Amino acid sequence: MTVWKTSVRNFLAHKGRMALSAVAVLLSVAFVCGTLVFTDTMNTTFDKLFAVTSPDVTVSPKTADGNDEQPDNGKPASLPASVVQEVAKADGVKKAEGAVFSMAVTVVNSENKNMGSETGAPTIAGNWTENDLRSMEITSGHAPRGPTEVMVDADTAKKHKLKIGDELRTIAAAGDITAKISGIASFTVTNPGAAVVYLDTATAQKQLLGAPDVFTQILVSAESGVSDTQLKKNVATVLDGSAAYKLQTQQEATEANKDSMGSFLDVMKYAMLGFAGIAFLVGIFLIVNTFSMLVAQRTREIGLMRAIGSSRKQVNRSVLVEAVLLGIVGSVLGVAAGVGLAVGLMKAMGAVGMELSTGDLTVAWTTPAIGLVLGVVVTVLAAYIPARRAGKVSPMAALRDAGTPADGKSGWIRAGIGLLLTAAGGAALWATTQADKATEGSMFLAVGVLLTLIGFIVIGPLLAGVVVRALSVVVLRLFGPVGRLAERNALRNPRRTGATGAALMIGLALVACLSVVGSSMVASATEELDKSVGADFIVQDSSTGRPIVPQAAEAVRDVPGLEHMTDYTFVEAKITAPNGKTEDEGITAADPTYQQDVRRTALSGDLSKAYGKNAMSVGDTYAERHGIKIGDTLTVAFKAGETAKLKVAAITSDDTNIDRGAMYTNLTTAASYVPADRMPQNVAMFGKAEEGKEKEAYAALKSAMAEYPVYKVQNQADFKEDLKDQVGQLLNIVYGLLALAIIVAVLGVVNTLALSVVERTREIGLMRAIGLSRRQLRRMIRLESVVIALFGALLGLGLGMGWGTAAQKLLALEGLEVLEIPWPTILTVFACSALVGLFAALVPAFRAGRMNVLNAIAADG
Amino acid sequence: MTTAVTIPRHGGTGGRTAVAARARQVLKAYGTGETRVVALDHVDVDIARGQFTAIMGPSGSGKSTLMHCLAGLDTVTSGEIFLDETEITKLKDKKLTQLRRDRIGFIFQAFNLLPTLNAIENITLPMDIAGRRPDAAWLQQVVETVGLAERLKHRPTQLSGGQQQRVAVARALAARPEIIFGDEPTGNLDSRAGAEVLSFLRKSVDELGQTIVMVTHDPVAASYADRVLYLADGSIVDEMYNPTADQVLDRMKHFDARGRTS
């Protein structure tokens, strides 16, 4: 009980000194809880949405691949209207209605602006059914009554200021549908961003599915008292258990929808939790430092406790109890902050077009439990070593003179272990660069990264001595005696400086590593583009990767100034090699001009012959795997058509990133086996301008594509820029998430400085008394901070560049052949960490400057 | 009330006053109203140049406060303090810090040295901070006087308490300040080490012409001084020239007795 009491009192007495540690725990816990609440809320939102949009039983056609949401020919699989009447005859059916549903559409307004979501939520077109009334209500106007009318959802209408009478154009595979808005329907549940348009049934059938009297689904509702499972059985009976149809109860449909959504949510959740984990790791350093310093400051007090009879265990436990208190305070605040963070995240998603309602906010009981347990456990683990050290304080300490206890020397054993780990890690990284198999290489990389990281943490104190001295020669000596004092202060407790720097090192190492990989990616791709792409222009939907509808393809095909425009698509097929092995592959079908657009090296044979009738090419890895020679015949069973026997006319080198492993055939060859209406649409199109007409052709292409805003026309410069932007954006997101870890590390620097200032109160008083000015004093603290930050940055960036280089060498096996160290980024980060150091010292320096000289000298040290 | 202003303002030494520092009507009070405590009650005092002055008095008499005010470490409630011709009571922190750095030396009771600096670095610290080069010959002389030549590269933790105080004395002397203030500089030392430090202080006055003001409650320490000022209840109540330890002790007993009976 007394242990508890002294701990509580100590905790309260030092609450200021614990504050930053509590913030570190708070931030990490908040990030974990925020992630959990946010993803749970997303799940709730989708659950509700899917539950109300699914009827009691859904009947849909069974497609070969089971994926009919993004059909590559642009037309969803359908079933004949007659089936609706059959289903209606089943027992217990209240109503069976045919529905048309397609996500292969784009909706634009009269100014050719895309009405769809920019966050990846789908654009959906369909007919208006009674089932829709369960999730929507028509709030103005009426449902479409003919081919010239369309109804739009209220969220989209509001976002784009659409009103009744405005014209909307729905771009679908079978053509464009231009219609005036006849009505606006509002969702009665949260719609997280999908744009929905309703057409009248006949128009939807003809334009979205390409045929009259077909539906994509039959929505069946049950009479009261009939369960969904019973209804499903009854419907199956009238359909004679036909294998052509897929039947789902409401629950099954909801589950299936959730599964497709869930994997995306899971990836997001685990990625964010990973970053929270890094923040926790960084926070540990901060907590270790705090408790070490508290224990050091309290040495005499602990000595007294020991002298009057406290056991080691009691002293040890009293420190751990303080850690538990810290963990609880930090975690409780963290859980609350996490919910706030989730709400903030939801609002932020709203700003980019993903509407989430706070009414769906879901806080599972596990969320606070996880947050609390995680926060407390991590804090206690971090405080364990300082607690043990406290237990070892001898009762004699009570009698000894006050002052800073003997400066922590970094032990030789520790240095030895650290060097050993670092060396082993370095060896693993070197092995990574030498690996010729991706799997073994990535294992080496993982081991190397882990070992070098731990190694650097362990030898941190040793490195602190070396690096801080080196940095001082370059930076601090400029500042004369104040610089020297700062250097000595940074060096006086290498363990503390090492841990503070290491915290910063972790975040910056990841930044450096990813920036090396990112810029190597861009550099490799750019080099490859320069080397092998002959096309001047590429047309594609680069945001969602959807194929190009025929009418859009037609619009750009005959643009003036073009030498050629290549159709390029990918046809799914099962391909059987002469050795009898079948692989689920696909074949790239293009116009023969594609050879000029993307130059490929033929290792044997003649690539132009592969575009001949019933001919094809294969990549050398495939050829090697199955022992294929020129002249062999492959059996290509097109999934959407017949089976063809194609002769191998060329074997191309797979030493490339573009079309790696692709098999080529002429578009006409593929078309002779696949019926026209099931032929996939163009994945992309490649254009080449006539000599000297690049500019005209580019402008003409752009204006021709203006009507179809989802497709981008890019020349090579645009394309490279776009690639760079995409990699840059991805890196920015990751940097943003790593910012959390870096913020915690910066708090660590602030913490170390703040506690050092407290610890050195008397010294500061003495220096002020003998004539150190406030400015000099503040500068001394700032310089110490800068040197610690630069130490962490140097270690982190060095380590990160090592990791990045090893990763690039490994990825070279996948075509990432150019290593590019982004020096501007690296140097900027280095310079910024100096600024971060200055920033971290702001408050501690200010407080030190404000100290009363006399009180400081008299302080109990 | 005995006034301690006994030395004429102008001596004959090249225009510089014979008074190194003086206080005029210095009042130092803490708190207001009923809780008001007067630490210094309109004190007038002159500190003679080239002399060793000791300030004595019972605990709470205001002796430390007086020294802190004279040294520019503490502010006064009213009154004026001059260091030579500079009125330090008018100075802002920046100028005051500069003044302490360039014109005043300090020796505290304990914790005089920065643990991160070795002995010689501690000695030259005030000059380093000021960006001045120490006078090598003078530094040599000071170091030899205090007998530290062998230990200049030692860190404070490697020095004994007496050696640490000698380093502090050397630091105070090295910058050739106009005046050195000591706040019970031997308070933490045994009598032998204390005697050693006090002899150095005496020697620096006799041989180097240094002005020293020392707060102490030890009659033996006070006996090293040229002049002893007695403080009680914030006022100077007595003074004594060329004292011996016994005289000081007697006088102290007298004050103590008076304090007890009144």
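At-a-glance table
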item: Candidates A:LEU562, A:LEU508, A:LEU603, A:LEU504, filtered to the one that is buried (at least 20 other Cβ atoms within 10 Å of the Cβ) and over 29 Å from the mean Cα position of the chain (by Cα); result: A:LEU562
item: Tabulated pairs, region A:510-526, first outside the structural domain of A:LEU799 (by TED's automatic domain parsing), second at pLDDT 95 or above and not β-branched (Val, Ile, Thr), C-beta under 9 angstrom, 6+ apart or interchain; result: none
item: Test: residue in region A:38-47 that is at pLDDT 80 or above, out of contact with any strand residue (DSSP E or B) (no Cβ under 6 Å at 6 or more places or on another chain), closer than 27 Å to A:LEU747 by Cα and surrounded by 18 or more Cβ atoms within 10 Å (Cβ to Cβ); result: yes
item: Hey, A:ILE821 surrounded by fewer than 24 Cβ atoms within 10 Å (Cβ to Cβ) and in the same structural domain as A:ALA486 (by TED's automatic domain parsing) or not; result: yes
item: Qualifying residue in region B:138-151 (condition: within 13 Å of chain A (Cβ to nearest Cβ) and surrounded by 15 or more Cβ atoms within 10 Å (Cβ to Cβ)); result: no
item: Some residue of region B:103-114 being within 14 Å of chain A (Cβ to nearest Cβ), buried (at least 23 other Cβ atoms within 10 Å of the Cβ), closer than 19 Å to A:LEU854 by Cα and free of Cβ contacts under 8 Å to residues at least 12 places away in the same chain; result: no
item: Any chance A:MET780 is buried (at least 22 other Cβ atoms within 10 Å of the Cβ), touching a residue at least 40 places away in the same chain (Cβ under 8 Å) and within 14 Å of chain B (Cβ to nearest Cβ); result: yes
item: Odd one out for B:LYS92 among (1) more than 10 Å from chain A (Cβ to nearest Cβ); (2) touching a helix residue (DSSP H, G or I) at 6+ places or on another chain (Cβ under 6 Å); (3) not β-branched (Val, Ile, Thr); result: (2)
item: Region A:835-853, subset surrounded by fewer than 17 Cβ atoms within 10 Å (Cβ to Cβ), of a type outside the set (Phe, Trp, Tyr) and in a helix (DSSP H, G or I), residue nearest to the other protein chains (Cβ to nearest Cβ); result: A:ARG850
item: Residue match in region B:134-156 (condition: under 27 Å from A:ARG778 (Cα atoms) and without any contact (Cβ under 8 Å) to a residue 12 or more places away in the chain); result: no
item: Of all residues in region B:202-243 being of a type in the set (Lys, Arg) and part of a helix (DSSP H, G or I), the one that is nearest to B:TYR30 (Cα to Cα); result: B:ARG202
item: Single condition B:MET67 does not satisfy, out of (1) within 14 Å of another protein chain (Cβ to nearest Cβ); (2) free of Cβ contacts under 8 Å to residues at least 12 places away in the same chain; result: (2)
item: Residues being over 28 Å from A:THR761 (Cα atoms) and surrounded by fewer than 20 Cβ atoms within 10 Å (Cβ to Cβ) - total across region A:282-317; result: 7
item: Filter pass, A:LYS258 being farther than 16 Å from A:PRO61 by Cα and outside the structural domain of A:SER117 (by TED's automatic domain parsing); result: yes
item: Those residues of region B:203-234 which are at pLDDT 90 or above and among the small types (Gly, Ala, Ser), in sequence order; result: B:ALA221, B:ALA222, B:SER223, B:ALA225
item: Test: residue in region A:783-796 that is touching a Phe, Trp or Tyr at 6+ places or on another chain (Cβ under 9 Å) and either at pLDDT below 90 or within 14 Å of another protein chain (Cβ to nearest Cβ) (or both); result: yes
item: Residue list for region A:494-535, filter: assigned to a helix (DSSP H, G or I) and either touching a strand residue (DSSP E or B) at 6+ places or on another chain (Cβ under 7 Å) or charged (D, E, K, R) (or both); result: A:ARG495, A:ARG496, A:GLU527, A:GLU528, A:ASP530, A:LYS531, A:SER532
item: Members of region A:631-661 found to be on the phi < 0 side of the Ramachandran plot, out of contact with any Asp or Glu (no Cβ under 9 Å at 6 or more places or on another chain), modelled with pLDDT of 90 or more and of a type outside the set (Asp, Glu), listed by number; result: A:THR633, A:LEU634, A:THR635, A:ALA637, A:THR643, A:ALA644, A:LYS645, A:LEU646
item: Unmet requirement for A:LEU445, which otherwise passes all of (1) under 31 Å from the mean Cα position of the chain (by Cα); (2) buried (at least 22 other Cβ atoms within 10 Å of the Cβ); (3) in the same structural domain as A:MET767 (by TED's automatic domain parsing); result: (3)
item: Residue match in region A:483-493 (condition: at pLDDT below 90, assigned by TED's automatic domain parsing to the domain that holds A:ILE788 and at positive phi); result: no
item: Residue match in region A:471-493 (condition: in a helix (DSSP H, G or I) and more than 28 Å from A:SER773 (Cβ to Cβ)); result: no
item: Residues of region A:488-499 classified as at the interface with another protein chain (Cβ under 9 Å from one of its Cβ atoms), among the charged types (D, E, K, R) and in contact with a helix residue (DSSP H, G or I) (Cβ under 7 Å, 6 or more places away or on another chain), total; result: 0
item: Identity of the residue in region A:420-442, among the charged types (D, E, K, R) and part of a loop (DSSP other than H, G, I, E, B), that ends up surrounded by the fewest Cβ atoms within 10 Å (Cβ to Cβ); result: A:ASP436
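Residue-wise test of (1) surrounded by fewer than 17 Cβ atoms within 10 Å (Cβ to Cβ); (2) away from chain A (no Cβ under 13 Å).
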| position | (1), (2) |
| --- | --- |
| B:PRO156 | no, no |
| B:PRO177 | no, no |
| B:THR186 | no, yes |
| B:ILE212 | no, yes |
| B:ILE236 | no, yes |
| B:TYR241 | yes, yes |
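The values are calculated or read from the model by the stated rules, or taken from the named source; none is laboratory data. Predicted model only: the values in this text are computed from it and were never measured. In this analysis, Cβ positions are derived from the backbone assuming ideal geometry, glycine residues included, and neighbour counts consider all displayed protein chains.
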